[in-house]
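Data block below; observations after.
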Amino acid sequence: MIFVDGNSFSTPSSSPSQPEGDDILLALLENPNLISATSSFKANSERKFLASDESGSERSKWVYIFQKEYATVDPALVDFVGTDEATTCVGLVIRNQKNGMTSVAHMDSPNIVEMGLSQMLSSLVANSLETEFDVHLIGGFEEVSLQQANGSAISESPAYLDGYSFPLCSKIVHTLWSRHEKFHLRTLCVLGHNTRRDSDGNTYPFFNGFAVETASGIVIPAIFDGTSRCPDEIVRRIRVSVSYEDANWNEKLLETYDCGSDCFKIAPCRWTLRQYHIALSLLNCSDSEILSTCSTSPTAEAPDFVDNLRRQWTYLIEHPHWTETFPTKQARTFARSSDGKWIRC
């Protein structure tokens with residue numbers, strides 16, 4: 001069940017030509033309370049997380065998640081949990097109102113929403129039906145530019161229904177709506193509320209990332225630099241890509257962090273010679289070729305998008321056999337040291 005401003009959210013019954021999730025999403029996007037909350041979120045300054053901030057006992061401690069990952073954190077151990085690099089992806093925050101336990105997921109496909117939500121809730125509380133949750137949705141944007149919308153053939157559906165972001169957002173709110181738990185939707189900075197346009201009408205997301213302050217539950221726009229997306233950055237990036245060919249991760253979010261011990265546990269992932277040959281074929285492509293081939297939103301990616309892919313491909317070429325990375329077929333475990341840095345166990 002979805003609640004807005006303390007009240008159960010209701011929407012007109014779905015029309016025969018439109019799925020129920022679309023009706024719910026469109027109604028939520030027009031809700032005055034959510035529009036006001038989104039404006040307040042967008043008014044915040046974007047915080048930059050740097051690896052140097054993590055050193056020292058008095059510095060902030062955070063957990064970073066990549067695409068298709070999720071992590072649940074204890075406010076007694078972690079100050080912030082967040083993600084970035086989202087264009088057509090959507091970040092979902094679920095926070096237990098009673099104890100502040102917070103779960104964050106970086107969702108990239110409607111296929112992982114139902115199972116992913118169950119994973120998040122199972123890590124938050126033993127009996128989720130007796131607990132109420134604060135929820136934030138941030139990310140995704142209207143990928144269709146004004147020129148594309150105006151120049152396209154007349155369609156039965158609006159231009160914003162095209163692309164990747166709308167179906168994902170629709171699936172998320174429909175799943176929240178359908179479950180028996182009580183979800184208090186606090187922020188809905190998605191689609192049109194997260195879209196800016198340049199002078200040529202090209203569209204971009206306002207924000208690509210966010211962080212949750214675990215003690216207060218406040219969510220702020222955020223960006224993480226290349227050294228703060230730790231630990232095991234390259235292996236975790238590769239795991240996202242190869243997980244789509246691993247039946248063990250079908251329709252699931254990737255587990256990455258152990259809440260009780262404040263440790264990262266990167267479960268083994270297998271890659272084959274197919275990934276090796278793909279890496280060889282793409283490594284020397286031009287930036288524009290890589291963007292058009294590998295991105296769902298080529299014009300909206302961050303400046304380091306291509307470089308990050310090239311580093312993954314280089315790793316795969318240098319380590320063609322997955323057992324070199326997981327020699328005992330066990331998880332790669334990282335613990336937080338006294339100075340805040342992640343150390344391989």
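No lab work stands behind these numbers, since they all come straight from the coordinates. Bear in mind that the values here come from a model prediction, so they are computed numbers and not experimental data. Positions of Cβ are backbone-derived with ideal geometry, glycine not excepted, and every protein chain shown enters the neighbour counts.
Mind checking the log10 I(q)/I(0) for the stretch 270-325 at q = 0.16, 0.24, 0.25 Å⁻¹? Debye, one equal scatterer per Cα, no solvent, two decimals.
Per q value, in the given order, log10 I(q)/I(0) is -0.49, -0.91, -0.96.
Using θ = phi - 60° and the Karplus curve 6.51 cos²θ - 1.76 cosθ + 1.60, what whole-Hz ³J(HN,Hα) does each residue of the stretch 87-97 get, with Gly and Pro shown as x?
In residue order, the calculated couplings are 10, 8, 6, 10, x, 10, 10, 10, 10, 5, 5 Hz.
Return a whole-number percent for the relative contact order of the stretch 270-325, with Cα pairs under 8 Å and 6 or more residues apart as the contact set.
Once normalised by length, the contact order is 60 percent.
Pairs 171/252; 42/182; 48/252; 48/98; 98/182; 42/98: which exceed 23 Å Cα-Cα?
42/182; 48/252; 48/98; 42/98
Between residue 288 and residue 245, what is the label-point separation in nm under the 7 Å Cα-to-beta-carbon projection?
Distance between the two pseudo-spin positions: 2.9 nm.
Within the chain, which whole H helices from DSSP have a Cα span along their axis of at least 18 Å and a mean Kyte-Doolittle hydropathy of 0.5 or more, if any? Before the final figure, lay out each step's value.
Numbers: long enough: 165-178 (20 Å, 0.64); 305-318 (20 Å, -0.49).
Membrane-span-like by this criterion, though nothing is claimed about a membrane: 165-178.
For residue 125 and residue 43, FRET efficiency with R0 = 41 Å and r from the beta-carbon atoms, rounded to 0.05?
According to the calculation, E is roughly 0.80.
Which far-off residues, 5 or more places away or on another chain, put their amide H under 5 Å from the one on residue 9, with H placed in the peptide plane?
2, 3, 4
Using modelled amide H (1.01 Å from N, peptide plane; none on Pro or chain starts), what sits under 5 Å from the amide H of residue 224, excluding residues fewer than 5 places away?
Counting only residues 5 or more places away or on other chains, the set is 49.
Taking the Cα-to-Cβ direction at residue 323 and at residue 280 and moving 7 Å from each Cα, how far apart do the two end points lie in nm?
2.1 nm
Taking the Cα centre of the stretch 270-325 as origin and charging only Cβ (+1 Lys, Arg; -1 Asp, Glu), how large is the dipole, in debye to the nearest 20?
Its charge dipole is roughly 240 debye.
Charges at C-beta only: +1 for Lys and Arg, -1 for Asp and Glu. How large is the resulting dipole of the chain about its Cα centre, in Debye rounded to 20?
780 debye
How high is the relative contact order of the chain, in percent, with contacts defined as C-alpha pairs under 8 Å that are six or more residues apart?
So the answer I get is 22 percent.
Using 0.36 nm per residue of separation minus the Cα-Cα distance, give me the extension gain between residue 202 and residue 79 in nm, one decimal.
On the way: separation 123, 0.36 × 123 = 44.28 nm, distance 3.63 nm.
Taking residue 202 through residue 79 to full extension adds about 40.6 nm, to one decimal.
Is the C-alpha gyration tensor of the stretch 207-326 telling us rounded, prolate or oblate? Criteria: a/c under 1.5 is rounded; beyond that, a/b larger than b/c is prolate, otherwise oblate.
Oblate, because a/c is 1.5 or more while a/b does not exceed b/c.
Above 36 Å lies some portion of the pair distances; for the chain, what is it as a whole percent of all C-alpha pairs?
19 percent
Once R0 is set to 51 Å, what does the formula 1/(1 + (r/R0)^6) return for the Cβ-Cβ distance between residue 339 and residue 27, expressed as a FRET efficiency to the nearest 0.05?
That gives a FRET efficiency of 0.55.
Helix-derived [θ] at 222 nm for the chain: sum -39500 (n - 2.57) over DSSP H runs of at least 4, divide by residue count, nearest 500? Walk me through the intermediate numbers first.
Details: 9 runs with 96 residues, N = 345.
One gets -8500 deg cm²/dmol as the mean residue ellipticity at 222 nm.
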